[in-house]
Amino acid sequence: PPPTPPRRAEDVAVLVVGASAGLGLGRALTVPLDLVGSMRVAALPMSLVIGLVMALWLMRIRRRTAMRSRARTWAIDAATACRQRVEHELAAALVAAESSAGMVLAREIDRRVGTVGPAGASN
């Protein structure tokens, strides 16, 4: 399997976008708590927790997708290399077989021509 690359700026960007979306979703889900006076204090921490969970979930999905893409590319490259190696070995074997068959055929032709002799006379 391919090695996992180090974290990049793309990861940070996905984390920020996920946190932003999660905070927005958290605020939307905790609006009813804001309407109840005693629950207003719990609304902000719940929004933050929802935002963090959403960001981590989005980051996990992005990493999994990237890992699948790298694995797919690695598998295709490995299969291609294997196929090329097999084709090379097969071609070498075919050339060797052709050469051997040609040598046997040439010897047989020489033997037959030698036994027939000139003008079709047998020895």
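Structural remarks
- Sites excluded, trypsin sites (Lys or Arg not before Pro) in DSSP loops with at most 11 other C-beta within 10 Å, longest stretch of the chain: 9-123
- For the stretch 79-93, Karplus couplings with θ = phi - 60° (6.51, -1.76, 1.60), whole Hz, Gly/Pro x: 5, 5, 4, 5, 4, 5, 5, 5, 4, 5, 5, 5, 5, 5, 5
- ³J(HN,Hα), Karplus 6.51/-1.76/1.60, whole Hz, each residue of the stretch 18-34, x for Gly, Pro: x, 5, 4, 5, x, 5, x, 5, x, 5, 5, 6, 9, 4, x, 5, 5
- Accessible-area composition of the stretch 26-66, carbon plus sulfur, in percent [1.4 Å probe]: 78 percent
- Solvent exposure, largest accessible area first (probe 1.4 Å, DNA, RNA and ligands not counted), of Asp34, Asp77: Asp77, Asp34
- Solvent-accessible ranking of Glu98, Glu89, largest area first, probe 1.4 Å: Glu98, Glu89
- The mean accessible area for residues of the stretch 1-83, using a 1.4 Å probe and ignoring ligands and nucleic acids, is 72 Å² per residue.
- Note on the chain: helix-only mean residue ellipticity at 222 nm, from DSSP H runs of 4+ residues weighted -39500 (n - 2.57) and normalised by residue number, equals -31500 deg cm²/dmol.
The values are calculated or read from the model by the stated rules, or taken from the named source; none is laboratory data. What you are looking at is a predicted structure, and each value in this text was computed from that prediction instead of being measured. With ideal geometry, Cβ positions are generated from the backbone for all residues, glycine too; neighbour counts draw on all protein chains shown. Accessible surface is based on the protein model in full, side chains and every heavy atom, while ligands, DNA and RNA are left aside. Shrake-Rupley method; radii C 1.70, N 1.55, O 1.52, S 1.80 Å.
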